[in-house]
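Just so it is clear, none of the values below were taken in a lab; they were calculated from the coordinates. Since the structure is predicted, the reported quantities are computational estimates derived from the model, not experimental observations. All Cβ positions, even for glycine, are placed from backbone atoms using ideal geometry, and neighbour counts span all protein chains on display.
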Amino acid sequence: MLDIKLLRNDVEAVAKQLAKRGFALDTQVFQVLENKRKTLQTATQDLQNERNTRSKSIGQAKAKGKDIQPLLAEVADLGDKLKAAEQDLLALQADIDDIVMGIPNLLDDSVPEGKSEDDNVEVSKWGELPTFDFEIKDHVDLGSPNGLMDFEAASKLTGSRFVVMRAGMARMHRALIQFMLDTHINEHGYTEVYVPYMVNEDSLYGTGQLPKFAEDLYKIQNGDKEADKSEQNYYLIPTAEVPVTNLVRDEIVDADSLPIKYTAHTPCFRSEAGSYGRDTRGLIRQHQFEKVEILQFVKPVDSEQALENLVKNAEAILKKLELPYRKVVLCAGDTGFSASKTYDLEVWLPAQDTYREISSCSNMKDFQARRMQARFRNPESTKPELLHTLNGSGLAVGRTLVAIIENYQNEDGSVRVPSVLQPYMGGMEILK
RNA sequence: GGAGAAGUGGCCGAGAGGCCGAAGGCGCUCCCCUGCUAAGGGAGUACAUGGUUUAUCCCGUGUCGAGGGUUCGAAUCCCUCCUUCUCCGCCA
């Protein structure tokens with residue numbers, strides 16, 4: 001959520017900023033609503049003031065034993081007027097909130113212009129692209145014989161865009177998670193957290209998935225109980241970002257405790273509505289996948305540097321696995337709703353002859369923190385101030401598995417196990 | 001799942017329809033005192049938001065788990081929900 005004061009003081013400037021990312025803010029509508037709000041709110045508060053002062057004098061009169069009947073008669077119609085005004089204000093406020101909650105974050109000045117992923121800018125490249133003197137296969141063809149990777153079984157159990165893994169494949173998948181977590185904990189100073197995989201609506205509003213992106217989420221139905229408005233609705237998490245970032249929701253943390261650095265492994269659940277027909281083959285786009293997430297909550301002055309640090313932590317995993325990748329900075333049009341600036345790490349997939357996203361690292365600045373009132377006490381001003389929140393994948397486990405299988409393949413269709421993973425797999429050198 | 005108790009500021013905790021944005025304590029900030037340390041004395045210290053403002057100050061409004069209701073007036077009474085604790089049941 002943007003600072004409402006920013007919108008009030010200079011909507012046009014904000015609209016101009018938002019236009020960079022292709023978001024059209026209707027400044028006219030906002031202005032009209034905002035002007036109405038001002039008059040209505042002032043009027044309502046005047047009425048409330050009147051009620052409060054009169055009620056107080058009634059109380060005082062009563063205490064002195066005076067007759068309060070005449071005073072009561074004077075306030076007879078105040079209640080109705082006030083109730084009407086309050087309800088109008090509430091409705092108007094809801095309209096304004098709808099607009100404000102639907103406005104994406106302002107972009108960092110360093111974000112390049114552009115409309116789509118084609119305009120993202122490559123920052124750096126790492127690793128030598130592997131060369132093969134044989135016909136290479138993709139991860140589905142490499143994984144499917146022996147049933148190491150079984151998409152048909154998964155579609156029987158559940159449906160499309162799920163997978164079953166067996167033996168060495170399942171074990172390497174698990175090994176990757178341990179390896180990533182251990183690296184972030186032991187070498188990058190993150191604290192591991194275990195969190196719920198289901199969250200309530202407040203959490204999803206906090207990180208920005210709601211109200212705009214409900215169709216991407218799975219909502220839980222509790223038995224055959226009808227979803228009731230008065231009861232809490234739970235959703236499966238689309239990323240660990242949601243539960244972990246919401247740890248600081250409605251908290252005022254000590255400045256001394258910053259930066260707070262968390263890592264978590266969770267499954268992620270995405271309905272992938274709107275992506276039908278895209279990446280239908282294999283493990284790239286699933287309804288359920290594992291991810292190791294890294295997050296930092298920092299003072300505003302530190303967030304720019306923290307983003308660089310966070311990306312480096314994600315890159316370290318790719319380097320240890322010796323997977324060639326490149327780092328791109330997302331252009332204005334491709335940067336996500338809540339993000340101010342995003343780096344993607346793209347790993348080399350030889351079978352696709354291209355780089356594919358494997359990590360997305362973003363600085364949200366105070367956008368999420370404002371929504372969830374996540375603050376720290378500034379020792380200088382002694383006042384609570386909004387934190388900056390950052391998160392990134394470190395890394396997406398399924399896609400890392402794909403990258404390993406394709407980059408480490410042999411002519412006979414076997415797959416070598418990266419040396420850093422072998423200790424996690426009982427010394428296994430060839431996947432089986 | 002059943003029965004009971006509770007949710008108040010950064011933390012603990014008083015508070016039972018008007019004098020309560022809320023006693024007291026802890027913590028924190030500033031000042032005084034003491035050679036250092038320890039101890040002591042004084043003052044200040046919730047958050048959000050509207051008007052005004054670069055910002056403060058000031059005035060107002062809202063907030064005592066959340067949302068509704070009763071009332072001229074609600075932390076306090078009523079209803080619904082959420083959460084926590086205790087006991088019972090079930091269970092990995």
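For the Cα atoms of chain A, what angle does the longest principal axis make with the long axis of helix A:303-320, in degrees from 0 to 90, nearest 10? The angle comes out at about 20 degrees. Counted by Cβ distance under 15 Å from A:Ala167, the other residues give a net charge of +2, where Lys and Arg count +1 and Asp and Glu count -1.
In chain A, the calculated helix contribution to ellipticity at 222 nm averages -12000 deg cm²/dmol per residue, counting -39,500 (n - 2.57) for every DSSP H run with n ≥ 4.
Count Lys and Arg as plus one, Asp and Glu as minus one, and take only other residues whose Cβ is under 15 Å from that of A:Leu345; the net charge is then 0.
Rounded to the nearest 10 degrees, the inclination of helix A:167-188 to the longest alpha-carbon principal axis of chain A is 60 degrees. Charge tally for A:Asp254 (other residues, Cβ to Cβ under 12 Å; Lys, Arg +1; Asp, Glu -1): +1. Separation of the range A:283-309 and the range A:125-142, taken as the distance between their Cα centroids, equals 28 angstrom. Counting neighbouring Cβ atoms within 10 Å and putting the fewest first, the residues A:Trp348, A:Trp126 line up as A:Trp126, A:Trp348. The GluC sites (Glu not before Pro) of the range A:84-186 that DSSP puts in a loop, and whose beta carbon has at most 10 other beta carbons within 10 Å, are A:Glu128, A:Glu135. Entry note, chain A: relative contact order of 20 percent, from Cα contacts under 8 Å with a spacing of 6+ residues.
Once you reduce the range A:6-59 and the range A:350-380 to the center of their Cα atoms, the two points are 30 Å from each other.
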